[in-house]
Amino acid sequence: MGEEAKPKYIPDPNSAKAKLGKIAKEHYDNLWIAKEKGEMIGWCASNFPQEIFQTLGLTVCYPENQAAAIAARGGGGRLCEVAEGEGYSNDICAYARISIAYSQVKDIEEQNMPQPDYLLCCNNICNCMIKWYENLAKELNIPMILIDIPFNPDYKVSKEEIAYVKGQFLDAIRQLEEITGKKWSDEKFEEIMKISNRTSKAWLEATSFCKYNPSPLNGFDLMNHMAVAVCARGTVEAAEAFELLAKEYEESVKNGTSTFRAEEKHRIMFEGIACWPHLRFTATELKSRGINLVATIYADAFGFIYDDFDGLIEAYCNVPNAINLEHARDKRTAIVKNNKVEGLLVHVNRSCKLWSGFMYEMSRQIAEECNVPLSTFDGDQADPRNFSEAQYETRVQALTEIMEANKGVR
Amino acid sequence: MAALQDILQEFHRIAASPQEQMKHYLAQNKKIVVCSPVYTPEEVIHSMGLLPFGTWGTDMEIKEAKAYFPAFICSVMQSILELGIKGAFDGASAIVIPSLCDSLKCLGQNWKYAVPGIEFVPMTYPQNRNTTYGKEFTKAGYQRVIADLERITGETFEDEKLHKSIEIYNAHNQAMREFSEYAKNYSVITAADRNAVFKSAFFLEKSEHTALINQLLEALKETELADVKKIRIVTSGILADAKELLAILNDNNIQVVADDIAQESRQYRVDCPIAATALDRLAEKFATMNNCSVLYDVNKGRASYLTELVQENKADGIIYALTKFCDPEEFDYVVVKKICEEKEIPLLLIEVDRQMVNYEQVRTAVQTFSEMLG
Amino acid sequence: MYTLGIDIGSTTSKCVLLEDGNKIIATSLVVAGIGTNGGIKCMNEVLENAKVKREEIAYIIATGYGRKNFSEANGELSELSCHAKGVHFADPEVRTIIDIGGQDAKVIRLNSKGILENFLMNDKCAAGTGRFLDVMATILQVPIAEFETQARSTKEPAKISSTCTVFAESEVISQLANGSKVECVIAGICNSVASRVAGLAKRVGVKEEVFMSGGVARNGGVRDALERELQVSIKYSEHSQLMGALGAALFAYEKIGAAE
């Protein structure tokens, strides 16, 4: 979705891009196959510990991925209005509105997926997630499992938090065994942890190529590949595809090529979720000015590296939206410095109170610490109505002018 | 009657002058700990000899806080931060902010930089709270608060003292429930009076507040029940304390017969039971709390709880005062709306926030609602 | 016996004079609303039209945002109750009223007796109200009265998706800057208002027949768009602006009946 509308281009089937696309597509295909076989389907939060259901061999899908896909294909506004017709305020997260609307509409052209038999919720990304899934569970009258990972006000994860999450983790396994009739195997769990680590490492390795100047990739690519990091982290195919992606980037660096098809004049960090309904516009505005996105916290969001069970839990406690301002700031500062970022473009996302609620202060601190200019814009991850092209254009232009001035271009 | 009005006036005075109350306690060399919504463990603070001083923000124009919060964060958070920046809490030793909703998480993080003079103490609660591991985590949260407050204020914590404070708080809960039960039938208690009684609780040491409530109850018992036909309403939401809103309820002959307001009765529904230690008692209390938009409940029990409130109190309908940008309440509204449609309970949705100047739309809506029920 | 209903809105005042609770003797409309002497002017006008003296009126009910400040009235009622009453008198088949005024939008459901069953008003945002249209009319420098013909003259409405008035303003400007025709932009604006109000209507539940009233009802562009959004046909009367005052006059008659 990062490219221009050109004659339909078919990627080399042996390329990482094709493989990742295939995994994403098969993810949905497999859901329907499972549903037809009579298997139970779960709807799952993006940062729910996937090791649990991978070990149990359950089939789940991701409403957040679906909502993003629907929004990117132009259905966000329509489904938001369906939810609003039910009484949901238009101030509620647009992913939630789209997902709740989909659970009622059930068949749309943008992206279908099977209806759920149970729900797996984890609030390490936000508490809004709890309310969204509560309402789904009530409406659909199906069981819901919540792994509560509270926002951590401290820099380090405490042993008390690990114990609390571990208790829930074990309870969730027991409940899921009851709901689905599947059995837990410690051996399988070990294996899944290995694969997940391998996938995460490969994902982090691939995203790390943004640090090269120029970068071998258009940063918007990551927002697409992320779907696979979410839905297939525990599979060997995903691990292999990301390893291949990293290899391709390595080649590109050697050959001086890039998926960013313009001269890379400026390097920025894009903060926040993409504006899916306006993805082309937001990306093109940057590309036309030679601005490449070389840093995003997304990379970290789905890279879970750990050695053991406690480490696994700690990794899920340390996802970007569950950590305090200082920890979140330092993670970003490190990326900005490491990837030689020259400006920050911050999406103040109407849908995400948690991601936007202390972003002003945090981005000020990052900009100051790294001595880079900062520009914010108002937008929304999935509701097309909360975005203004004119405002975005002006803000990006201003950022560009400062970056140019800093380089003494003018 | 004069006595009753005098006592009510005292509640109004306290509710309207939190800063005077703070000064009053500071002058007595009390150390003050500001308590942000929602469910801050006041008992713990009280037991350490500190004065828990509640805040739910105030109706005001937001200026300074805009440098920290985008416009779509609720005005409760915005105005608490604004008050902090403007020095309304100066003299307090610390502020305790629980993180039960996304905006509260952000309030805590912003506070550290916006109001560096008053230290932020986080209170982290579990959502899977009624489990062994959940209760352990709740206790760990309290212990964190204790450790921070010991460091900041030099006061110490003793479990025995917490038992005593818990008794004071349990007695206060009891008094508040009794007041609500009594007040519903007395047309002399207006919506504004009722709110002042609840709101003042945050600005007084709790045994003092209980004493005042008991005086009020005595005076009420001596008051004759007037035979006035009122429209009986249950209110629900985060808060409904705007002067204009309360006046509108009164103008339209509305008697609040029960509430499910976070700032009001949600605070007082559950007492601390008996348990091994005082801290366990407190954790047990949190474990059994429910029917609240920021406490996880897969059964959405709050909706049926509301309909029970309507039945028990013979109410004519529900006013759902939705705090603008409060997503937990926005999600719950839809479930409440459905159950009200099923049970044919009239439900009025009004949006409120702390920066509202024009109440005309609310006035029209409330008037229409009362015409519909009357 | 005469009763009078007066509806003092944000920009206009309306009066209906009723005889014996079933016969409209005279009506008046003055473009001057709350905070002016529009109310008195409007009442005097209706009395003059009907050649009826003030003393002959048995009861006056005021409604609309200025209802509290009209000292001539014997009583006041909300405009929602009055609207429902007035519309029911004019057309007893109506079950849903969509009323878009200058300041707010309301959806009213009524039963077969004309009694209010349920209602909902817009949230704090101005999108979906007459004010939104006013702002847009100023930007385009096209009088609102022309919106209808302009909107109907095109089959290609521009997409105005923003829900925020400020954003919509910049959207309209960029549409014009990109060469969109004014009529297409106007059609887009009408669609945008309709989509907001349709959301409100769906929350209350739309039951046929549907009637549209309020100042914005005069704008056929919005009416057409609402019909498409809700997939129902929408009734409208030239006198729709008077429904509130009519309802008030009817309530005034009931008051007398109850007293006697």
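The values are calculated or read from the model by the stated rules, or taken from the named source; none is laboratory data. These figures come from a predicted structure and were not determined experimentally. No Cβ is skipped: glycine too gets one built from the backbone with ideal geometry, and neighbour counts run over all protein chains shown.
List of remarks:
- When B:I85, B:I166, B:I152 are screened for being surrounded by fewer than 21 Cβ atoms within 10 Å (Cβ to Cβ), more than 13 Å from chain A (Cβ to nearest Cβ) and among the aliphatic types (A, V, I, L, M), only B:I152 passes.
- Residue count for segment A:172-196 under the criterion of being under 26 Å from the mean Cα position of the chain (by Cα) and polar (S, T, N, Q): the result is 1.
- In segment A:244-298, the qualifying residues are those that are surrounded by fewer than 18 Cβ atoms within 10 Å (Cβ to Cβ) and among the polar types (S, T, N, Q), and the one that is nearest to the chain's Cα centre (by Cα) is A:T284.
- Output for segment B:71-90, where each listed residue is farther than 14 Å from B:P18 by Cα and either β-branched (V, I, T) or out of contact with any Lys or Arg (no Cβ under 8 Å at 6 or more places or on another chain) (or both): B:A71, B:I73, B:V76, B:M77, B:L81, B:I85, B:K86
- Of the numbered criteria (1) at the interface with chain A (Cβ under 9 Å from one of its Cβ atoms); (2) over 18 Å from B:I32 (Cα atoms); (3) surrounded by fewer than 24 Cβ atoms within 10 Å (Cβ to Cβ), the one B:F120 fails is (2).
- Considering residues of segment A:68-91 that are within 12 Å of chain C (Cβ to nearest Cβ) and outside any helix (DSSP H, G or I) only, the residue surrounded by the most Cβ atoms within 10 Å (Cβ to Cβ): A:Y88
- Only a single item in (1) over 19 Å from the mean Cα position of the chain (by Cα); (2) in a loop (DSSP other than H, G, I, E, B) is not met by A:N47, and it is number (1).
- Residue in segment A:123-141 that is among the charged types (D, E, K, R), more than 28 Å from A:L279 (Cα to Cα) and either more than 8 Å from every other protein chain (Cβ to nearest Cβ) or part of a strand (DSSP E or B) (or both) present: yes
- Leading residue by the ranking (farthest from the other protein chains (Cβ to nearest Cβ)) among those in segment B:307-323 that are within 17 Å of B:I238 (Cα to Cα) and touching a Phe, Trp or Tyr at 6+ places or on another chain (Cβ under 9 Å): B:I319
For (1) within 14 Å of another protein chain (Cβ to nearest Cβ); (2) touching a residue at least 12 places away in the same chain (Cβ under 8 Å); (3) polar (S, T, N, Q), each residue gets a yes or a no:
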{"position": "A:D330", "(1), (2), (3)": "yes, no, no"}
{"position": "A:A334", "(1), (2), (3)": "no, no, no"}
{"position": "A:R350", "(1), (2), (3)": "yes, yes, no"}
{"position": "A:D378", "(1), (2), (3)": "yes, yes, no"}
{"position": "A:Y392", "(1), (2), (3)": "yes, yes, no"}
{"position": "A:V396", "(1), (2), (3)": "no, yes, no"}
{"position": "A:A405", "(1), (2), (3)": "no, no, no"}
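- With respect to the conditions (1) touching a Gly at 6+ places or on another chain (Cβ under 7 Å); (2) modelled with pLDDT of 90 or more, C:Y65 lacks only one, and its number is (2).
- Flag for B:W56 being at pLDDT 95 or above, over 20 Å from the mean Cα position of the chain (by Cα) and either of a type outside the set (S, T, N, Q) or surrounded by fewer than 21 Cβ atoms within 10 Å (Cβ to Cβ) (or both): no
- Single residue of segment A:183-199 satisfying the filter (surrounded by 18 or more Cβ atoms within 10 Å (Cβ to Cβ) and of a type in the set (S, T, N, Q)) that is farthest from A:D171 (Cα to Cα): A:T199
- Filtering segment C:190-220 to residues that are more than 14 Å from every other protein chain (Cβ to nearest Cβ) and under 17 Å from C:S161 (Cβ atoms) leaves only C:C190.
- Among the criteria (1) crowded, with 24+ Cβ neighbours inside 10 Å; (2) touching a helix residue (DSSP H, G or I) at 6+ places or on another chain (Cβ under 7 Å), the one C:G102 does not fulfil is (1).
- Some residue of segment C:159-166 being surrounded by fewer than 21 Cβ atoms within 10 Å (Cβ to Cβ), at pLDDT 90 or above and not aliphatic (A, V, I, L, M): no
- Filter result for C:R67 (of a type in the set (K, R) and within 11 Å of C:L4 (Cα to Cα)): no
- Just one of the numbered conditions (1) on the phi < 0 side of the Ramachandran plot; (2) without any contact (Cβ under 8 Å) to a residue 40 or more places away in the chain is not true of B:D271: (2).
- Residue pairs meeting the criteria (Cβ under 6 Å; at least 6 apart or on separate chains; first touching a residue at least 40 places away in the same chain (Cβ under 8 Å), in segment B:221-238; second polar (S, T, N, Q) and buried (at least 18 other Cβ atoms within 10 Å of the Cβ)): B:K230/B:Q255; B:I231/B:S370; B:R232/B:Q255; B:I238/B:T323
- A count restricted to segment B:59-76 and to residues that are in contact (Cβ under 8 Å) with a residue 60 or more places away in the chain and either surrounded by fewer than 22 Cβ atoms within 10 Å (Cβ to Cβ) or hydrophobic (A, V, I, L, M, F, W, C) (or both) stands at 8.
- Residue that is more than 24 Å from A:F281 (Cα to Cα), touching a residue at least 12 places away in the same chain (Cβ under 8 Å) and surrounded by 23 or more Cβ atoms within 10 Å (Cβ to Cβ), where the choices are C:L242, C:L200, C:L230: C:L242
- Identity of the residue in segment B:186-201, among the aliphatic types (A, V, I, L, M) and outside any helix (DSSP H, G or I), that ends up surrounded by the fewest Cβ atoms within 10 Å (Cβ to Cβ): B:V188
- Hits in segment C:130-167 - residues which are within 14 Å of another protein chain (Cβ to nearest Cβ), of a type outside the set (F, W, Y) and touching a residue at least 40 places away in the same chain (Cβ under 8 Å): C:G130, C:T165
- Test: residue in segment C:19-39 that is part of a helix (DSSP H, G or I) and touching a Ser or Thr at 6+ places or on another chain (Cβ under 9 Å): yes
- Candidate set: segment C:84-104, residues that are within 12 Å of chain B (Cβ to nearest Cβ) and modelled with pLDDT of 90 or more; chosen: the one nearest to C:V216 (Cα to Cα): C:A84
- Qualifying residues in segment A:303-328 (those that are within 21 Å of A:I195 (Cβ to Cβ) and small (G, A, S)) - the one farthest from the other protein chains (Cβ to nearest Cβ): A:G303
- Test: residue in segment C:85-102 that is out of contact with any strand residue (DSSP E or B) (no Cβ under 6 Å at 6 or more places or on another chain), of a type in the set (A, V, I, L, M) and within 25 Å of B:Y359 (Cβ to Cβ): yes
- The number of residues in segment A:302-325 that are outside any helix (DSSP H, G or I), of a type in the set (A, V, I, L, M, F, W, C) and surrounded by fewer than 19 Cβ atoms within 10 Å (Cβ to Cβ) comes to 1.
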